[in-house]
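Participant: Here's a structure for you.
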Amino acid sequence: MALLLTETYLALLQLLRDVRFVLEMHANVILYLIPVFLICAWLQALHARPPHARSWPYTQSISLIVGVFIHELLHLLVGVLTYAKPVAMSIIPRHIDKGYYELGHVRLQNIRWFNGVFVGLAPLLGFVGVAVFIHWRTRTGWVFSWWDLLAWYVLAQVSMSAWPSTSDIKIALRSWPLVIPITAYFVFSY
């Protein structure tokens, strides 16, 4: 019994050392992400729709214009690369139905089984862009600069807009012949 407790205690100490090592190695990245998360929370609270707000989609669109633009631009670029034939792009909000608004869209002519998953999940590349930027900004240490305020706001917008919408997921599911083996690969390879 005492041996088991000693092994458990040593394993816990090693875990704490590993956590400390990770925090020391990535302290700048963690510190840079804190304002991004706080701005995300503020934007989310700002966009909680009051029932009487008629101008809500327009205020949301203005406050998230960069994120919506990058979301739609990623659909457009991946659509061009995968031969989905994009024909139009808009970041002007429009009423869909029952109080729902679309903040932007890209119209595509050639969504097929081989490109739907890439076009539908293209906004996830926004997270890659955020990670690359934060790595670039904190790679040699980080000292606050006033332009970090703008960077944090833009990174928060991109992070919030990088999630695929319901219609994006419906487009991605058109590629179910690709989704099943790709998912199986990631599930069973680890």
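Participant: Which of the residues spanning the stretch 132-155 are among the hydrophobic types (A, V, I, L, M, F, W, C) and surrounded by fewer than 16 Cβ atoms within 10 Å (Cβ to Cβ)? Lay out the reasoning, then the answer.
Facilitator: Within the stretch 132-155, the first condition is being among the hydrophobic types (A, V, I, L, M, F, W, C), and the residues that meet it are 132-134, 136, 142-144, 146-147, 149-152, 154-155.
Answer for the stretch 132-155, where residues must be among the hydrophobic types (A, V, I, L, M, F, W, C) and surrounded by fewer than 16 Cβ atoms within 10 Å (Cβ to Cβ): V132, F133, W136, W142, V143, F144, W146, W147, L149, L150.
Participant: What pairs come up if the first residue lies in the stretch 23-43 and is within 15 Å of M160 (Cα to Cα), the second is modelled with pLDDT of 85 or more and exposed (fewer than 13 other Cβ atoms within 10 Å of the Cβ), and their beta carbons are under 9 Å apart, counting only those six or more places apart or on different chains?
Facilitator: That search, which allows pairs on different chains as well, returns P35/L149.
For every residue, the table says whether it meets (1) farther than 22 Å from M25 by Cβ; (2) of a type in the set (S, T, N, Q).
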residue	(1), (2)
N115	yes, yes
F118	yes, no
L125	yes, no
T140	no, yes
S145	yes, yes
S167	yes, yes
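Participant: Checking the condition surrounded by 15 or more Cβ atoms within 10 Å (Cβ to Cβ), at pLDDT 85 or above, in contact with a strand residue (DSSP E or B) (Cβ under 8 Å, 6 or more places away or on another chain) and not in a helix (DSSP H, G or I), which residue from V106, V87 passes?
Facilitator: Values: V87 fails: surrounded by 15 or more Cβ atoms within 10 Å (Cβ to Cβ).
Unique residue meeting the criteria: V106.
Participant: Quick one: in the stretch 156-190, which of the residues that are part of a loop (DSSP other than H, G, I, E, B) and within 22 Å of the chain's Cα centre (by Cα) is surrounded by the fewest Cβ atoms within 10 Å (Cβ to Cβ)?
Facilitator: Of the stretch 156-190, the ones part of a loop (DSSP other than H, G, I, E, B) are 162-165, 174-175, 189-190.
If we keep only those that are within 22 Å of the chain's Cα centre (by Cα) as well, we get 162-165, 174-175.
Numbers: A162: 20, W163: 13, P164: 17, S165: 16, R174: 18, S175: 21.
Within the stretch 156-190, the match that is surrounded by the fewest Cβ atoms within 10 Å (Cβ to Cβ) is W163.
Participant: For the stretch 109-127, how many residues meet the condition of being in contact (Cβ under 8 Å) with a residue 40 or more places away in the chain and either part of a loop (DSSP other than H, G, I, E, B) or more than 19 Å from F69 (Cβ to Cβ) (or both)?
Facilitator: Keep residues of the stretch 109-127 that are in contact (Cβ under 8 Å) with a residue 40 or more places away in the chain, which gives 111-126.
So of that shortlist, the ones also either part of a loop (DSSP other than H, G, I, E, B) or more than 19 Å from F69 (Cβ to Cβ) (or both) come out as 111-118, 121.
So the count comes out to 9.
Participant: Also, I was wondering about something else. List, please: which pairs have Cβ atoms under 6 Å, are six or more places apart or on different chains, and start with a residue in the stretch 44-72 that is surrounded by 11 or more Cβ atoms within 10 Å (Cβ to Cβ) and end with one that is among the polar types (S, T, N, Q) and at pLDDT 75 or above?
Facilitator: L64/Q157; V66/Q157; G67/Q157; G67/S161; V68/S161; H71/S161
Participant: For the stretch 88-108, give me each residue that is in contact with a Leu (Cβ under 7 Å, 6 or more places away or on another chain) and without any contact (Cβ under 8 Å) to a residue 24 or more places away in the chain.
Facilitator: Selection gives M89 alone.
The values are calculated or read from the model by the stated rules, or taken from the named source; none is laboratory data. Quantities reported herein were computed from a predicted structural model and do not represent experimental measurements. Methodologically, a virtual Cβ is constructed for each residue, glycine included, from the backbone with ideal geometry; neighbour enumeration extends over all protein chains shown.
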